[in-house]
Each structure stands twice: as C-alpha cells, then as structure tokens.
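Okay, so here's the structure we're looking at.
The values are calculated or read from the model by the stated rules, or taken from the named source; none is laboratory data. Please read these numbers as outputs of a predicted model, since none were measured by experiment. Positions of Cβ are generated from backbone atoms using ideal geometry, with glycine treated the same way; all protein chains shown enter the neighbour counts. Side chains are part of the model used for accessible areas, which takes the heavy atoms of the whole protein and leaves out ligands, DNA and RNA. Shrake-Rupley method; radii C 1.70, N 1.55, O 1.52, S 1.80 Å.
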Amino acid sequence: MSHQGEEMSLILATDVGSTTTKARLFRYTEDSEWRYVISGEAPTTVEAPFEDVTLGVRNAVGEIEELTGLRLLSENGIITPRRNGDGVDLYVTTSSAGGGLQMTVAGVISTMTAESAERVALGAGAIVMDTLATDDGRRVFEQIERIRYLRPDMILLAGGTDGGTIRHVMKMAEVISSANPTPRLGRQFELPLVFAGNVDARDPITNFFGDQFALEIVENIRPELEMENPGPARDAIHKCFMEHVMSHAPGYGKLMKWTEVPIMPTPGAEGMMFQQLSRLYKENVLGVGLGGATTNVYSVFDDRFVRTVSANLGMSYSICNVLKETGIGNIVRWIPFKIEPAEVVNRLRNKMTRPTAIPQTLENLLIEHAVAREALRLGFAHHKFLAMPLRGVQVKGRDIGDMFKQFSFEETYLDMLRISWLGGTGGLLSHAPRRVQSALMLIDGFQVEGVTRLAQDSVFMMPHLGVLSTVQPKAALEIFEKDCLVRLGTCIAPRGSIDPMRESAIMSVKITTPDGTEIEEEMLSGTIKAIPLGEHQTAEVEIKPARGFDVGAGPGHSLMESVEGGVVGIILDARGRPVHIPEDEDARIEKLTGWFRALDAYPEKMLERGG
Amino acid sequence: MIALSQAYTPGLKRKEATLIRKTRMLPIPGKIIVGVGDTVSKDTVVAKAETLGEPEIVKVCAILGIDPDQIEKHMVKQEGDGVSEGEAIACYRALFGLIKSDCFSPIDGTIESFSSITGQAIIRSHPKPIDIDAYIPGKVVRIIQDEGVIIETYAAFIQGAFGIGGENHGEIKMASETPSDVLTADRITPDCKGKVLVGGSMVTAEALKKSLEVGARGILVGGIMDEDLTDFLGYRIGVAITGHEKTGLTLVATEGFGRMNMLEKTFRILQRNEGRTACINGATQIRAGVIRPEVIIPIPSPGDASAAPALAEEELSGGMEAGTFVRIIQEPYFGQVGYICSLPPELQHVETESTVRIVEVELENGERVKVPRANVEIIEE
C-alpha cells in the first residue's frame, strides 16, 4: 500500500448495510491527528429496481458533499487520489448488503471439527445458516434437503485431523455434492467451497468435486485435536468473498474498482475494532453489535477472539424472533408499567411488519428496550456456547484439585469477573435518547460482574474504522479513541445472588474523586445507583463486598481499583446476579421504577405512571 | 451526469382499477409454453421445468461386507446406468457362489457415482417436473427466455400489511357488514366454501378454523390478534417470512396486528367486487426486497386500459409531499390515516426525547398531529 499517514489528509469510508449506506469522512487536522468529520447516509440500492449498490454510495457521499462543500464524486466514482482539492486520499468500504455473507459449514464431529469450522466462519464475518456433521442427529436425506434449501454464498468443509482417516470427511463431501446447492446469487455463479480438513483428503476432494464448486483448499482447521488453526480458512473465506460473492452482487463489480482495499464483511470489520480495543488496553473485552436483523457478539478473552452472530435476533426485522425465543414473560418483566402481554405482542408484530418505524411514545421506547435486554441476553448465551475450550481434547494431568474447581470443559471460559470492557454498537444503542439507557441495557443484557468499563460507538463507525485499520492502523486507532468510543462509565456489580425477602448490605464502596473528595456508599440488596465521574476522569475506589459476594478478589474480599468515568459515571449495581426481578406485577413495577429513577434513565412523567 | 438513487418510502398500494403486471418465474431455467399475446386463465400452465431428482446414498460396501477399495469390481451397474427400485446395483460372490450378498437400489433412477473411499454409491431419482401457472387471468405481454413470463390484467389491487398462506383463488363474499365488525365463527356458513371472505376489524381463531372446515379459500380482514394467529397455526411466527404455510387458507390482514378497522375505502372496493374472483397471496417478506400480501381482482377492462401505464410489482412509492395520503404506523396514532399538511425541515423532539424529522398529518377527524417521518407509510391510490 503506497499511502502513508503523513501524506494523507482526507479518508472516506462507507458501510453498505442491508438497508442504509453509511458514509463517514475523516480528516488529518492541523493538530497532526486523525479525526472524524461528518456523516452522510442514504438507502442501500442493492435490490430491484436499482440493483446497483454504487447508487446508494453516491447518495450517501453526495450528502457529505452537500454538508462540506467538498467535491468527492466524479462520473467514474469516488475521486481518489485527491487532485486539485477534489476527492479523497483513500476510500475504503465494508458491506453487509443483501444479507451479508451467508455460509453453510460442515465437519465430521459436531463438537470438534464442525464446531471449529463454525467458529472460523463466524470469525470471518459470516452468518452461519447451518452446521452439518456426520453425528448431528439428522439422516442423510434430511441433511441433503437442508443444504438444498439454504442456498448459501459459500460452503466451508472441515473434518479429520492430519494423517487420520479420510473416509468420514469424504462422506460429508458426498452429502454436499448430492445436494448440489444452488448459490443464492444465481446458478450462473460458481459456488465457492473452502476445504480445510485432513491434508490427506485434498486430492480425493479435488477429484471428487471436479468442477462442481469453485474449490479453495487450505490448511486443516484442526490439524491436531488439541489445536485449532483458524487463520488460513478465515483468509480463504475473505478471498472467496471478494472473488466470488462480492463480484456477483449487484453493482459490486463497480464498487470494487473504486477502492484498492478489499471490501470486508461488516461484522468482520466491526470485530477488528473490538480486538483493537483489547490490544489497546491489554484487557479482556466483550462487544456487541445489536442490529435490526442480527445480533453479533464478540469476545477477546486472554487473547482469544471469538465472534458469534445470532442471525435471527434483532430489533426490527427479527424482533418477533426475540419474542419467540425468550417468551413474552421475559420481555414484560423489564417493562415498568401495567400493560397486557397480548398488547405488547401485537405491538411487536406491528414493528416486525413495519421495521423502519421508531418509537414515538415512552411506552414503546421502554418496550423496545425490554426486548433489547432479551436480545442481548440470548445473543450472549449463544456466544458462550461457542466460546468454549476445544472439545474432544484429552486433558492431561488433571488432578483431584481440578475436579473441585467450578470450571468444566462443557462451560464457557468467559469469566465475567475478568471482563474489563463491554462495548456496544448498532442503531438502538447508538440512538437511545439518554446514554444511561444504553448503559443499563448492556448491564442487564450481559449481567456484567465485578468492575467493568462500558463504552459505545458514537455514530456507528466501528466497521468503517475496522476496514481502515487494515491499511491505516494509526489513523483508525486515533479516530477510534477520540471520536468513536463514547465512554459510558464503569459498572461495579458483585457476583452473588441476593435474598429478595431480606434487605441487606451487599457492598460498601469508598470513592476518591480526582479532586480528593471522598464518597462512601453502602449498597443495599436490590438497589442501583450512579455516582457522577466525567469522561477521561479516574477515581480510586475501594470495594468491600459482603460475605458470599465477589467483585474480582474472591468472595467477601476487598478490591482496590482505579476506575474510569464516563457520560453516566460510576454505576453501583447491588441487584444481585442474576438480577432479581419480582414476579408480582406491582412489586416488579415498583422495583423497575426505582432502578430507572435512581439512574435518571427515563423522564419522570413516565416513571410516575409506574409508581 | 451522475446517476441518482431514489429514496425508499414505505408504502402500500390500494388501487380501485389499474393495469397490473405479474411476473411468473421458474425456479430454474425451463421451457415457456405460451406466447406473447396469448390469453391465459389463472390455471393456465405458462412454463415448465424439471428439477434434479432426489439423491439416495447407498452404503454398498457396508451392505456387501467388503472394503471400500473393492467397490468397483463388485458394482454391476456403472455411473450413468439407469436402475429400477429393487434392482441389484452391486453383488458379492465367494466360494463358488456359496457366499453371496446383493445390494439393491431403493429407488428408480440413475447411478450418479460410487466411491472407493467411502464405499457408497449415489443414486439420483428421475427428474421432477415443475409447472408454473398464470395465477391471474390476462394476456401474456412478455417472455423472459427460459425463465418466465409477464402477464397483464386490468384489476382492483390491494396490498396488505401481513399475511399467511400462498397463492389462492376464490369468489369474494362479504362476511361482515362494516369495516369494524369482528369476523366470528358464527358468520362462517357452508356456503362460504370456495370463497374469499371479507371481514372487518378482526378475525378470531375460531372463525379461521371454521373457514378451513367449510372449505373457504381466503380471509381478507383489517387485523388479527397474534394469539389467534398462533392458535390457528399451532406455532408462533418468528421472522416475517410467510407464504409457505400449508393451511389451505390464505389470510391477508390489510392493516396489521390487533383489532384494526379495515380502511373504509378498502372495504368498499371489496364490497363493490363481491361475486368476482380474487387472486390472493398471503406471502409476506419484510427484509430488503419487501414482499407484501396481495389481493388482485380482475375486472372488465375499459377500452383505453392498455394505454394506461401498468403497475409493476416492484414499483416504489413516490416521495412524501403535502397532500399525500398516509397511514401512521406507530403509537399513539397507530392505524389512523390522513393527509400530510407539512414536512418541517428542522429536527424536533418527540415524547421519547429523540430528535427526529417529523411530518404533520391531518387525521380523518380533522385533528392535526406530528409524528416522526419514519412512522408513516404512503397509501398509494
């Protein structure tokens, strides 16, 4: 790449989303730093009658032209490199238009190679439509029917360790070949198949598939049982995405010529920024992209990165799937006023049929926020299922002491007490009228424990910065820190369940603010409170949890920490884990109203209704 | 000249009489069996194709008790050979025939392949025919080579908000007197058989079940309660992708979920066309590339109809402006209709404290209300 940060002064990035194309302009300022300048947005034009994504990109960029007076577009597209004051020095883009990258993955054993394949596909930014394995409980004809029905953009086939038998992976190859799946983008398009299985099966796979697929052979995902090797398969997925999928999507051929940087799937780029956050602070990070159709969850834990996408959990198109998955009772439990559950269901159905509508009343805002908590909870539950130690591994040297540890090889390795950051992005979180609302949704959805910093994407630019970081990491990082990351504050929440029948002190906290002021708080069970502490301010806190409660130093042990503030401040959460919500309607409303009032989360006139 | 895109404004169409075009496509390339200018009925087959048969994987070596690398010499049928159900495709003989076992084909079809690694053979059943009918009566106006046809007809056309069930046909029968009536089971009588019934504000689960029982083809109604729909289907719908339900009854809710009066004018269009055949489809898909349920009622064409511009299925709504007829699609005015009075350019606060661009609408009762621009859909007439 010829571009050097010092020589560049203007960068344009777009994200071609499934409904909206979002353009962001970045500038190198006189203070010698990269900053975000302005946004432009327009409907995506991937569908008929337009069928050309560049029209939507032009409109979004055109909005930036109008707002800045700059000339960025010519008849041939985005003007790059800059000449005579027109255009930008670099143009990059991500895409999830038309449903993003939809993949079917297959392996031999569900909990081993198939699970590894699924993790790799998700990590590459794909939506995994189904994961097939020889032991997935389905009969061969059912697997064949399923593959036919799905019409993926790409298939990833794994199976077998290097040097082992090739018979089982060949059987899975036969199932895929028999199904003869039709690519989503049409029969004229050659369906890419990435083979990342037993090295000895390469020749038989090549001979067997012949020219049925655009075959890409890479290193084994699981060369040994004890080892997962995601890199080569992930790179192959990105390569096939560009060469086979993107180039066939409407208008992408043209868009690919506008940028010299490979187009990335939106979630892949978003994930890169959460990884960046982890690298920057050298801490464990959880991230979430709560969208209209999907919920993406990212974790970077002890340097291990995992991404999952819950393809049918979202806040508009998929809102009723959240309802279906969690049940109306779990949604209503977060609503602080009386309303018939059937009425809530009908409103959610109407949101599903008119997904672009936005809440106008506080009632509907609170209903959507209730659904969001459940979408986050379900998305995280799904994530934890894949954020597991490698299964099928023989554990050597396990002694009797290990047997008494809580850790199990069937449980996630994500320890909430060791998660230092929780970040959110997506329309609902970014557009919450008060920032404290998104902070509370993140806390409730993920049930953070210990001391956790909360952040969110300011105006949805994480995907833009993710793809930018592949060629201009310094610029991407500067913008990320200064303009993208909104620090909401820090949540302090002891792990441990409370007795709802007995009010007792859960923790006492002594906070020393930057000006030396000391604030002491004793938090009673079932309560929550915010202590103001601004962005970029740090306070010293001493947390003394009650017996049986843990904030990271062990049950009942005190913890000293430096905590960062934010637009919300320090949130002291003594509601127990899991958060206890009374089942009785009046008691529930009283409790929720109390929490929301304590944080000034919603206008008082709404809370007065609750009590 | 730089090409400009057109903003998408959500909208539902409601036309008393219009020239409408339907594209009828094969899922795979095939043969078109009508020509431009042909007159077709709703049942006329317009295109045919053959899909690949179902594969059957046979564990030949496991059945014969041999190693996979032995498969080739024991196959009695080769790749490309036709086989009948019960016919031997491989056999094993030893000790001068004293030990023998055979592997038979479980289906009629063709040997597609066999493998010396897996020891399995794949047999493909015979191709299956697919016929595409015209769905609406009319005239073929265009052939899309090997893929489909476009049929044109003069019709009343109503798009709904949500539906279930696929393409269906039936004579329109009014089953309610006013747009606010609830369609209950006692209104469903044996003479509803084969009919498309028009309800008012809501249909109950019992009425849906009774309609199915008497053999009605469809229900057109203002709204439906989610619990009634779930009761009728036996499961709860997750994402709004419908049309594949095998209930035998097609439902179109013109307004949405809950008890919602059918718009007066929609009700009158259906009333005026009572006795005519309606072509209905409940298929709904709320993603990029929106599909809404529809009611097409072919009507006699006026002499100059062919000169009128035809309504294509994918045609987008125009932009909003003062005087545009809209439906409000969020509380507190959900379901109410009116005309746009103004579109103030500046951002304004709504009750949630969000700052949004708004639109001012004069409701049918004369009240003027402000709602976010995202919360109206255009009713195209």
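If the requirement is being within 13 Å of another protein chain (Cβ to nearest Cβ) and among the aromatic types (Phe, Trp, Tyr), which of these qualifies: B:Tyr154, B:Tyr235? Talk me through it step by step, then tell me what you get.
Details: B:Tyr154 fails: within 13 Å of another protein chain (Cβ to nearest Cβ).
After ruling out the rest, the residue left standing is B:Tyr235.
Please name all residue pairs, on different chains or six or more residues apart, with Cβ atoms under 8 Å, provided the first residue is in segment B:352-381 and is more than 11 Å from chain A (Cβ to nearest Cβ) and farther than 19 Å from A:Arg354 by Cα and the second residue is loosely packed, with under 14 Cβ neighbours inside 10 Å and at pLDDT below 90. Note: pairs meeting the criteria are B:Glu360/B:Pro344. Considering segment A:415-444, and only residues there that are more than 18 Å from the chain's Cα centre (by Cα) and aliphatic (A, V, I, L, M), the residue that is nearest to A:Ala387 (Cα to Cα) turns out to be A:Leu417.
Answer yes or no as to whether B:Ile71 is farther than 30 Å from B:Ala374 by Cα, in contact with a Phe, Trp or Tyr (Cβ under 7 Å, 6 or more places away or on another chain) and either outside any strand (DSSP E or B) or within 14 Å of chain A (Cβ to nearest Cβ) (or both). Considered against the rule, which asks whether it is farther than 30 Å from B:Ala374 by Cα, in contact with a Phe, Trp or Tyr (Cβ under 7 Å, 6 or more places away or on another chain) and either outside any strand (DSSP E or B) or within 14 Å of chain A (Cβ to nearest Cβ) (or both), B:Ile71 comes out as yes. If you go through segment B:194-243 and pick out every residue that is open to solvent by 20 Å² or more (accessible area, probe 1.4 Å), of a type in the set (Ser, Thr, Tyr) and outside any loop (DSSP other than H, G, I, E, B), you end up with 1.
Figure legend. Inter-residue proximity from segment A:357-381: first residues facing another protein chain (nearest Cβ under 10 Å), second residues among the hydroxyl-bearing types (Ser, Thr, Tyr), beta-carbon distance below 6 Å, spacing 6+ or different chains. Indicated pairs: A:Pro359/B:Thr352; A:Leu362/B:Thr352; A:Leu365/B:Thr352. Within the option set A:Arg83, A:Arg58, A:Arg24, being in contact with a Phe, Trp or Tyr (Cβ under 7 Å, 6 or more places away or on another chain) and basic (Lys, Arg) holds for one residue only, A:Arg24. When the residues of segment B:16-40 are filtered to those that are assigned to a loop (DSSP other than H, G, I, E, B), within 14 Å of B:Val141 (Cα to Cα) and open to solvent by less than 60 Å² (accessible area, probe 1.4 Å), which remaining residue is nearest to the other protein chains (Cβ to nearest Cβ)? This residue is B:Val34. The set of residues from segment A:71-87 being open to solvent by 20 Å² or more (accessible area, probe 1.4 Å), free of Cβ contacts under 8 Å to residues at least 40 places away in the same chain and part of a loop (DSSP other than H, G, I, E, B) comprises A:Arg71, A:Glu75, A:Asn76, A:Pro81, A:Asn84, A:Gly85.
Would it be correct to say that A:Arg354 is at pLDDT below 95 and within 11 Å of chain B (Cβ to nearest Cβ)?
On the way: at pLDDT below 95: yes; within 11 Å of chain B (Cβ to nearest Cβ): yes.
So A:Arg354 passes the test.
Could you say whether any residue in segment A:282-301 is over 11 Å from the mean Cα position of the chain (by Cα) and more than 22 Å from A:Ser469 (Cβ to Cβ)? Scanning segment A:282-301, I find at least one residue that is over 11 Å from the mean Cα position of the chain (by Cα) and more than 22 Å from A:Ser469 (Cβ to Cβ), so the answer is yes.
Is it the case that A:Thr182 is more than 30 Å from A:Gly163 (Cα to Cα) and of a type in the set (Ser, Thr, Tyr)? Spelling it out, A:Thr182 is indeed more than 30 Å from A:Gly163 (Cα to Cα) and of a type in the set (Ser, Thr, Tyr).
Return the only residue of B:Glu147, B:Glu112 being open to solvent by 50 Å² or more (accessible area, probe 1.4 Å), touching a helix residue (DSSP H, G or I) at 6+ places or on another chain (Cβ under 8 Å), within 14 Å of chain A (Cβ to nearest Cβ) and of a type outside the set (A, V, I, L, M). Steps first, please.
Numbers: B:Glu147 fails: touching a helix residue (DSSP H, G or I) at 6+ places or on another chain (Cβ under 8 Å).
Sole residue among the options that is open to solvent by 50 Å² or more (accessible area, probe 1.4 Å), touching a helix residue (DSSP H, G or I) at 6+ places or on another chain (Cβ under 8 Å), within 14 Å of chain A (Cβ to nearest Cβ) and of a type outside the set (A, V, I, L, M): B:Glu112.
Across segment B:176-188, the qualifying residues are those that are small (Gly, Ala, Ser) and open to solvent by 10 Å² or more (accessible area, probe 1.4 Å), and the one among them that is nearest to B:Ile297 (Cα to Cα) is B:Ser180. When residues in segment A:201-220 are screened for being crowded, with 16+ Cβ neighbours inside 10 Å and within 14 Å of chain B (Cβ to nearest Cβ), 6 of them pass. Residue count for segment A:144-174 satisfying the condition of being modelled with pLDDT of 90 or more and either within 13 Å of chain B (Cβ to nearest Cβ) or out of contact with any Lys or Arg (no Cβ under 7 Å at 6 or more places or on another chain) (or both): 19. Scanning segment B:83-109 for residues that are exposed (fewer than 14 other Cβ atoms within 10 Å of the Cβ) and modelled with pLDDT under 95 returns B:Arg93, B:Ala94, B:Leu95, B:Phe96, B:Gly97, B:Leu98, B:Ile99, B:Lys100.
Specify which of the listed residues (B:Ile136, B:Ile122, B:Ile99) is in contact (Cβ under 8 Å) with a residue 12 or more places away in the chain and more than 14 Å from chain A (Cβ to nearest Cβ). Steps first, please.
Details: B:Ile122 fails: more than 14 Å from chain A (Cβ to nearest Cβ); B:Ile99 fails: in contact (Cβ under 8 Å) with a residue 12 or more places away in the chain.
So the residue among B:Ile136, B:Ile122, B:Ile99 that is in contact (Cβ under 8 Å) with a residue 12 or more places away in the chain and more than 14 Å from chain A (Cβ to nearest Cβ) is B:Ile136.
The set of residues in segment A:44-70 that are open to solvent by 40 Å² or more (accessible area, probe 1.4 Å) and facing chain B (nearest Cβ under 9 Å) comprises A:Glu47, A:Ala48, A:Pro49, A:Phe50.
Residues that are without any contact (Cβ under 8 Å) to a residue 24 or more places away in the chain: find the strands (runs of 3 or more DSSP E) completely inside segment A:511-604 holding 1 or more of those. Outline the logic, then answer.
Values: elements: A:518-524, A:527-531, A:538-545, A:559-564, A:569-574.
Counting at least 1 such residues, we get A:518-524, A:559-564.
None of A:Arg349, A:Arg307 is away from every other protein chain (no Cβ under 14 Å), touching a residue at least 12 places away in the same chain (Cβ under 8 Å), among the basic types (Lys, Arg) and open to solvent by less than 30 Å² (accessible area, probe 1.4 Å) except A:Arg307.
Just one of the numbered conditions (1) open to solvent by less than 10 Å² (accessible area, probe 1.4 Å); (2) outside any loop (DSSP other than H, G, I, E, B); (3) more than 11 Å from chain A (Cβ to nearest Cβ) is not true of B:Asp191: (1). Criterion first (surrounded by 18 or more Cβ atoms within 10 Å (Cβ to Cβ) and modelled with pLDDT of 95 or more) does B:Ile286 satisfy it? In short, no.
Scan segment A:106-124 and give yes if some residue there is within 20 Å of the chain's Cα centre (by Cα), outside any loop (DSSP other than H, G, I, E, B), within 13 Å of another protein chain (Cβ to nearest Cβ) and not aliphatic (A, V, I, L, M), otherwise no. Talk me through it step by step, then tell me what you get.
Filtering segment A:106-124 for residues within 20 Å of the chain's Cα centre (by Cα) gives A:115-124.
Add one more test, that the residue is outside any loop (DSSP other than H, G, I, E, B), and what stays is A:115-123.
Applying the additional criterion that residues be within 13 Å of another protein chain (Cβ to nearest Cβ) yields none.
No, segment A:106-124 contains no residue that is within 20 Å of the chain's Cα centre (by Cα), outside any loop (DSSP other than H, G, I, E, B), within 13 Å of another protein chain (Cβ to nearest Cβ) and not aliphatic (A, V, I, L, M).
Scanning segment A:270-294 for residues that are surrounded by 24 or more Cβ atoms within 10 Å (Cβ to Cβ) and modelled with pLDDT under 90, which turns out farthest from A:Ile127 (Cα to Cα)? Restricting to residues being surrounded by 24 or more Cβ atoms within 10 Å (Cβ to Cβ) and modelled with pLDDT under 90, the top hit is A:Gly291.
Restricting attention to segment A:238-250, which residues are of a type outside the set (Phe, Trp, Tyr) and either touching a strand residue (DSSP E or B) at 6+ places or on another chain (Cβ under 9 Å) or in a helix (DSSP H, G or I) (or both)?
Let us first name the residues in segment A:238-250 that are of a type outside the set (Phe, Trp, Tyr), namely A:238-240, A:242-250.
Hits for segment A:238-250 are A:His238, A:Lys239, A:Cys240, A:Met242, A:Glu243, A:His244, A:Val245, A:Met246, A:Ser247, A:His248, A:Ala249.
Sub-8 Å Cβ pairs linking a first residue in segment B:210-222 that is on the phi > 0 side of the Ramachandran plot to a second residue that is of a type outside the set (Val, Ile, Thr) and open to solvent by 60 Å² or more (accessible area, probe 1.4 Å), at least 6 apart or interchain, are B:Gly215/B:Lys193, ordered by first then second residue.
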